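First up is the structure itself, then whatever we jot down about it.
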Amino acid sequence: MAEDIRKPNPDLDDPEARRRAVIAECRRQEESCLYTSATLFIWLRAVRLQKQVFVAAPIVIGGIAGLSILKDWGYDWLIAILALVGSLFPALADALKIETSVDDISRLAAEFKSLQDRFRRNATITALGDVQAAEQGLAELMDRMDIVRSHSITPPEWAFNKAQTKIEAGHYSFEADRSLHPRP
């Protein structure tokens, strides 16, 4: 005779098991958001610097190309090269979509940081009360997470590695959390 696999899950009837499951999932998602937001913020700094270079470089190069002393010295070819190089920066910035990247990365980094805090609150505050409210809060946060994850921004690996190093070094830990949960 075949085994009946349609048995109800006994853990679904145990409020404490449900509470532990909600807390564990909130903690996993909180950690995921921490790594993602830290990665995005680190990448955002680099993209902002890149944007500043793409704004300043043509101004500086154009200024150098405009120096009359270069013409007096007979460096017309250098003036032409500098003018050409300086004129390429706006086209490159447009092709790389740096402005869009800064706005998108900034918005998503803030959203992941917000979700991190919300998952933490659901695990440490809401889940201690009504389990059903904690489950509903987790479901709503997961819906928000799905929306945020639907954007196709992929940070470079170096940004993740740097974020991982900073997180493991405790750069994103709060003193209040350390006193509540001391590490050996």
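Read the figures in this text as sums done on the coordinates, not as results from a lab. Source: prediction; values computed, not measured. Neighbour counts run over all protein chains shown; Cβ positions are idealised from the backbone, glycine included.
Descriptive notes on the structure:
- Computed over the Cα atoms of the chain, the ratio of the radius of gyration to the Kirkwood radius (Rg/Rh) comes to 1.26.
- FRET efficiency, 1/(1 + (r/R0)^6) with R0 22 Å, evaluated for Y172 and R144 via beta carbons: 0.60
- Dipole magnitude of segment 16-167 about its Cα centre (Cβ charges: Lys, Arg +1; Asp, Glu -1), debye to nearest 20: 440
- Leading residue at positive end of dipole, the chain (Cβ point charges), from I69, V102, S37: I69
- Peptides 130-138, 31-39 ranked from most to least packed give 31-39, 130-138, packing being the mean of other C-beta atoms within 10 angstrom over each peptide's residues.
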